[in-house]
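The values are calculated or read from the model by the stated rules, or taken from the named source; none is laboratory data. Just so it is clear, the structure is predicted and the values come from calculations on it, not from any experiment. Positions of Cβ are backbone-derived with ideal geometry, glycine not excepted, and every protein chain shown enters the neighbour counts.
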Amino acid sequence: MKSFLPFLVAMGIMVTLADAYCWSKIHKAGEAEDGCMINGKLYPFGHIERTEDCYRCNCSEGGVNCCSLFRTPVSFDKKKCKVVFNKKSCDYDVVEKADPSKHCFVYSRVG
């Protein structure tokens, strides 16, 4: 019983750190002959480290599975700050509305 609490805490931390938005698509017969179509672009079969839309995917003849590389900020000063997607870093920047060169503190994100 003494080891159950540390195990439960460790699992809670792992779930929080591994959280990502994921989606899957099953291919119809003959649909994926040359690779997987993801948001209008054809990617080859295999592991795709980063798509143009910031997803990490696995593409096969059977289907495609993708997970986001970004996390969406949900808790920050919404009166003072705004969210801007940074395609270079594949993440959202939270910056001041009055001066976008200044970053705001983000309390939490979801993935």
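Restricting attention to the range 2-39, and to residues there that are at pLDDT 50 or above, within 20 Å of Phe70 (Cα to Cα) and assigned to a loop (DSSP other than H, G, I, E, B), which single residue is farthest from the chain's Cα centre (by Cα)? Here the answer is Asn39.
Looking only at the range 79-90, decide whether some residue is under 12 Å from the mean Cα position of the chain (by Cα), closer than 22 Å to Phe45 by Cα and surrounded by 17 or more Cβ atoms within 10 Å (Cβ to Cβ). No, there is no match, as no residue in the range 79-90 is under 12 Å from the mean Cα position of the chain (by Cα), closer than 22 Å to Phe45 by Cα and surrounded by 17 or more Cβ atoms within 10 Å (Cβ to Cβ). Looking across Phe105, Phe85, Phe76, one residue alone is under 29 Å from Ser24 (Cα atoms) and aromatic (Phe, Trp, Tyr). It is Phe85. Scanning the range 65-78 for residues that are in contact with a Phe, Trp or Tyr (Cβ under 7 Å, 6 or more places away or on another chain) and either in a strand (DSSP E or B) or surrounded by fewer than 12 Cβ atoms within 10 Å (Cβ to Cβ) (or both) turns up Cys66, Cys67, Ser68, Thr72, Pro73, Ser75.
Anything in the range 48-59 that is assigned to a strand (DSSP E or B) and surrounded by fewer than 11 Cβ atoms within 10 Å (Cβ to Cβ)? List them, or say none.
First, the residues of the range 48-59 that are assigned to a strand (DSSP E or B): 48, 55-59.
Result: no residue meets the conditions.
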